[in-house]
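The values are calculated or read from the model by the stated rules, or taken from the named source; none is laboratory data. Note that this is a predicted model, so its numbers are computed, not measured. All Cβ positions, glycine included, derive from the backbone under ideal geometry; neighbour counts span all protein chains shown. Note: areas computed on protein heavy atoms with side chains; ligands, DNA, RNA excluded. Shrake-Rupley method; radii C 1.70, N 1.55, O 1.52, S 1.80 Å.
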Amino acid sequence: MDTTSSAHGAGSAASSSSSQSSNRWKYEVFLSFRGDDTRTTFTDHLFIALRNAGIKTFIDNQLTRGENIQSELDQEIEGSRIAVIIFSKRYAESRWCLRELSKIMRCLKDQEGKIVCPIFYDVDPSQVRKQKDSFGEAFQKHEKDEDPNEVKQWREDLKASADLGGWNLKTTADGREGVFIKKIVGDVKGLLKTTDFKEAKHSVGMTFRVQKFSTNYLDVGGSPNVQIIGIWGMGGIGKSTLAKAVCSNYQHSFSRQCYLEDVRSKKKEMVSLQEQLLRDILKQPDIKVSSVAEGTEEIKKRLGSMKVLVVVDDIDDADQLDELAIEHESFGPGSRIIITTRDEQVLNIQKVDKKYMA
């Protein structure tokens, strides 16, 4: 948001998210946008749609003028579970917008559970990622007038944010804004909705096991590299329970997640598992693949820019990992892939970074 707009405030509605979320976050969505570009048009329509869907949303139109806007703004960013950044043609002209973006991206790195989703409104992701066209013109001016180190950080944050999974008006719903907004609201509700992963109630030692696994193996918010982690041990010892508990606790640290259950017993259903992986990550319920080979290529081609959490539960053959394209190059920076198996030998392959004995 930029100082040409009014001071920052909050619009709210009854929250539909879980009580755990509402206790942790002040808002469910924070809208970041350039006021001169979209305040009274797209952003206003999106805000109303989010509010009507029961999603508690922050927008910059109700704080009292004269307060410390930057400090207030930082607090609202930190207190919002999802930051939605609306990239418009003149977004990069605003120093306030770029500083706000940098704050959001710092929170994405530092805050467990933070989600950041870009909207490309009449701009292409490549324009944002590479600072081309109107974004390039804006940076020519910034490089003359602003601190070079800050400008360098803005460039890095624009590239990183454009690499996240988001929504593109030009390629969604034939550019029809009403349909586009409906899809965004539906996807946001999906991100907010508590998943069906059910941790065994008060399992003995489960909290300790989850903490130990997270600290020593999962490394959420740590290395930006994709990490593939194996959990092995005899049947019935609690490998799947641990994987589900990890998913339940850390799902909001990732833009998307997928739990592929009992893969060992579904060897003849690999196409179905591939479709589930694509559907859960891309949030597109109608995805179909015609063969295992096609499914493997689709996963490699379509998921490489998204930070995801994927569990491949109970495998007994490394070929199953190949067919599901479980490789570092298949997923976006910061992704974590968890594999559970009874056979440690399945994990003795180069692609597995760490092994945990349950």
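Could you look through region 252-310, keep only residues that are of a type in the set (D, E, K, R) and closer than 22 Å to Ala162 by Cβ, and pick out the one that is least open to solvent (accessible area, probe 1.4 Å)?
So the first thing to find is which residues in region 252-310 are of a type in the set (D, E, K, R), and the list is 256, 261-262, 264, 266-269, 275, 279-280, 283, 286, 288, 294, 297-298, 300-302, 307.
Among the residues that remain, those that are also closer than 22 Å to Ala162 by Cβ are: 256, 283, 300-302, 307.
Values: Arg256: 26, Lys283: 80, Lys300: 79, Lys301: 144, Arg302: 83, Lys307: 44 Å².
Checked region 252-310; the qualifying residue least open to solvent (accessible area, probe 1.4 Å) is Arg256.
Ala173 meets the conditions (1) open to solvent by 10 Å² or more (accessible area, probe 1.4 Å); (2) of a type in the set (A, V, I, L, M, F, W, C); (3) modelled with pLDDT of 90 or more in every case but one. The failed one is (3).
Only one of the numbered conditions (1) modelled with pLDDT of 90 or more; (2) assigned to a loop (DSSP other than H, G, I, E, B); (3) surrounded by 14 or more Cβ atoms within 10 Å (Cβ to Cβ) is violated by Met1, and that is (1). For region 116-137, a residue qualifies if it is open to solvent by less than 10 Å² (accessible area, probe 1.4 Å) and part of a helix (DSSP H, G or I), and the qualifying residues are Val128, Phe135. Total residues in region 176-191 satisfying the condition of being open to solvent by 30 Å² or more (accessible area, probe 1.4 Å) and either touching a Ser or Thr at 6+ places or on another chain (Cβ under 9 Å) or within 12 Å of Ile119 (Cβ to Cβ) (or both): the figure is 4.
Please go through region 322-344 and give me each residue that is in contact with a strand residue (DSSP E or B) (Cβ under 9 Å, 6 or more places away or on another chain) and open to solvent by 50 Å² or more (accessible area, probe 1.4 Å), ordered by number. Scanning region 322-344 gives Glu327, His328, Arg342, Asp343, Glu344. Just to be sure, is Ile281 part of a helix (DSSP H, G or I) and closer than 16 Å to Pro333 by Cβ? Criteria met by Ile281. Remark: pairs (first residue in region 94-121, at pLDDT 90 or above; second residue open to solvent by 10 Å² or more (accessible area, probe 1.4 Å) and of a type in the set (Lys, Arg); Cβ separation under 6 Å; 6+ apart in sequence or on different chains) = Ser94/Arg34; Cys97/Arg34.
Can you tell me how many residues within region 262-289 are more than 12 Å from Leu324 (Cα to Cα) and free of Cβ contacts under 8 Å to residues at least 12 places away in the same chain? Even if it seems obvious, please write down each step before you answer.
Filtering region 262-289 down to residues more than 12 Å from Leu324 (Cα to Cα) leaves 262, 264-266, 268, 279-289.
Next cut, free of Cβ contacts under 8 Å to residues at least 12 places away in the same chain only: 266, 268, 279, 284-286.
Counting residues in region 262-289 that are more than 12 Å from Leu324 (Cα to Cα) and free of Cβ contacts under 8 Å to residues at least 12 places away in the same chain gives 6.
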